[in-house]
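Peer 1: Handing you a structure now.
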Amino acid sequence: MSVMPRPIPRELIMSRLLHARMEFSEQDKWNYLKLEKGLQGELKFDKLVDEGLKNDCIVIKGLLLEADGNEFQIDMVIIFQGVIYLVDVKNFEGDYYFESGKIYLLNGNIIKDPHPQLMRCESLFIKLLQKLRIDFPVESRLVFINPEFTLLQAPLDYPITHPSQVKRLIKKWNTIPSKLNKTHERLANQLISLHKPFSSHMRVPQYEYGRLKKGMMCNLCLSLSTFVNGNHLVCKKCGHHEIIDAAVLRCVKELVILFPGIRITTNGVFEWCGIVKSKKMLGRILKENYKAVGYGQWTYYIPK
């Protein structure tokens with residue numbers, strides 16, 4: 001049973017919005033693509049778990065937690081009757097080898113071994129359980145999901161699941177004796193209540209309102225190559241159509257995400273959207289979906 005859909009990290013949401021509206025440095029672009037690739041791997045594993053895991057368990061995806069003042073993220077928490085599994089999903093591709101406690105690409109470049117990070121997460125998770133006065137065995141697993149990934153010479157005790165072993169791992173989980181009760185449900189709810197909506201260590205490019213491109217992003221391909229046709233937003237790049245009301249409301253959310261505390265006004269949304277010619281239409285959309293505060297030219301909008 002999955003009780004929490006996978007949240008898209010705020011860092012990735014902001015990077016998507018900014019990538020369409022400004023030029024990224026090579027480092028910023030690398031960070032952004034890494035976030036996108038990581039999410040795609042997690043979603044691929046989610047699908048396999050959703051389809052294959054039939055045991056009595058609770059699946060929580062994408063938890064960002066804190067213990068002893070330290071943040072830690074767990075890609076997936078699976079609560080069985082007598083054990084909790086922590087899963088870290090990696091979407092690496094290419095040929096790697098393990099040697100002297102380090103992981104190398106075959107070209108000799110060293111990469112960061114994800115195992116110590118997983119052990120850190122496990123340690124902090126156990127501390128969090130102790131703070132909640134909960135005593136549960138915890139096991140951790142690194143899952144490499146990309147079929148183009150190979151790791152040679154890994155020790156037998158290295159907690160890794162290769163791409164070809166993922167379905168077998170899920171089958172193994174299906175054989176774990178498990179019958180959940182209210183205690184397990186209460187634990188799941190406690191963990192979800194402790195989830196942080198965004199990290200205090202986000203890495204996003206520096207940006208200023210005046211230097212960002214204005215326009216309406218396509219909801220499908222994230223392009224600014226869009227135009228308004230009647231009551232639809234149309235993408236020139238991929239051909240996607242979206243009802244204009246929904247597209248405008250997305251733009252308002254973009255403003256709030258990128259500029260917390262900004263006052264939402266008809267003129268401000270008009271400038272941000274760029275391609276909408278009718279302020280009257282924008283005013284209607286805002287009035288129907290937000291609460292108007294003030295009067296005349298001083299009117300701004302807040303959530304109802």
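The values are calculated or read from the model by the stated rules, or taken from the named source; none is laboratory data. This one's a predicted model, so the numbers in the text were calculated from it and none came from an experiment. No Cβ is skipped: glycine too gets one built from the backbone with ideal geometry, and neighbour counts run over all protein chains shown.
Peer 1: Exactly one condition in (1) more than 21 Å from residue 170 (Cα to Cα); (2) within 22 Å of the chain's Cα centre (by Cα); (3) outside any helix (DSSP H, G or I); (4) at pLDDT below 95 is false for residue 117; which is it?
Peer 2: (3)
Peer 1: Do you know which residues across region 153-175 are touching a strand residue (DSSP E or B) at 6+ places or on another chain (Cβ under 8 Å) and of a type in the set (S, T, N, Q)?
Peer 2: If the condition is that a residue be touching a strand residue (DSSP E or B) at 6+ places or on another chain (Cβ under 8 Å) and of a type in the set (S, T, N, Q), then 153, 161 are the ones that fit.
Peer 1: Give the residues of region 200-218 that are touching a Leu at 6+ places or on another chain (Cβ under 8 Å) and under 30 Å from residue 65 (Cα atoms), sorted by residue number.
Peer 2: 204, 205, 207
Peer 1: How many residues, within region 289-304, are in contact with a helix residue (DSSP H, G or I) (Cβ under 8 Å, 6 or more places away or on another chain) and in a helix (DSSP H, G or I)?
Peer 2: Result for region 289-304: 1.
Peer 1: Hey, any hits in region 22-36 for a residue that's part of a loop (DSSP other than H, G, I, E, B), of a type in the set (A, V, I, L, M), closer than 30 Å to residue 211 by Cα and assigned by TED's automatic domain parsing to the domain that holds residue 183?
Peer 2: Yes, because at least one residue in region 22-36 is part of a loop (DSSP other than H, G, I, E, B), of a type in the set (A, V, I, L, M), closer than 30 Å to residue 211 by Cα and assigned by TED's automatic domain parsing to the domain that holds residue 183.
Table: residues versus (1) at pLDDT below 95; (2) assigned to a strand (DSSP E or B); (3) acidic (Asp, Glu); (4) under 22 Å from the mean Cα position of the chain (by Cα).
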residue	(1), (2), (3), (4)
3	yes, yes, no, yes
7	yes, no, no, yes
11	no, no, yes, yes
16	no, no, no, yes
38	no, no, no, yes
89	no, yes, no, yes
96	yes, yes, no, no
103	yes, yes, no, no
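Peer 1: Looking only at residues that are hydrophobic (A, V, I, L, M, F, W, C) and at pLDDT 95 or above in region 126-141, which one is surrounded by the fewest Cβ atoms within 10 Å (Cβ to Cβ)?
Peer 2: Applying the filter and picking the extreme gives 138.
Peer 1: May I pose another question? Can you find a residue that is β-branched (Val, Ile, Thr) and either assigned by TED's automatic domain parsing to the domain that holds residue 132 or not in a helix (DSSP H, G or I) (or both) anywhere in region 263-273?
Peer 2: Yes, region 263-273 has at least one match.
Peer 1: To continue, here is another question. Which residue out of 285, 257 is touching a residue at least 60 places away in the same chain (Cβ under 8 Å) and either in contact with a Ser or Thr (Cβ under 6 Å, 6 or more places away or on another chain) or assigned to a helix (DSSP H, G or I) (or both)?
Peer 2: 257
Peer 1: Could I ask something else about it? Determine, yes or no, whether residue 239 is outside any helix (DSSP H, G or I), small (Gly, Ala, Ser), out of contact with any Leu (no Cβ under 8 Å at 6 or more places or on another chain) and modelled with pLDDT under 95.
Peer 2: Answer is no for this residue.
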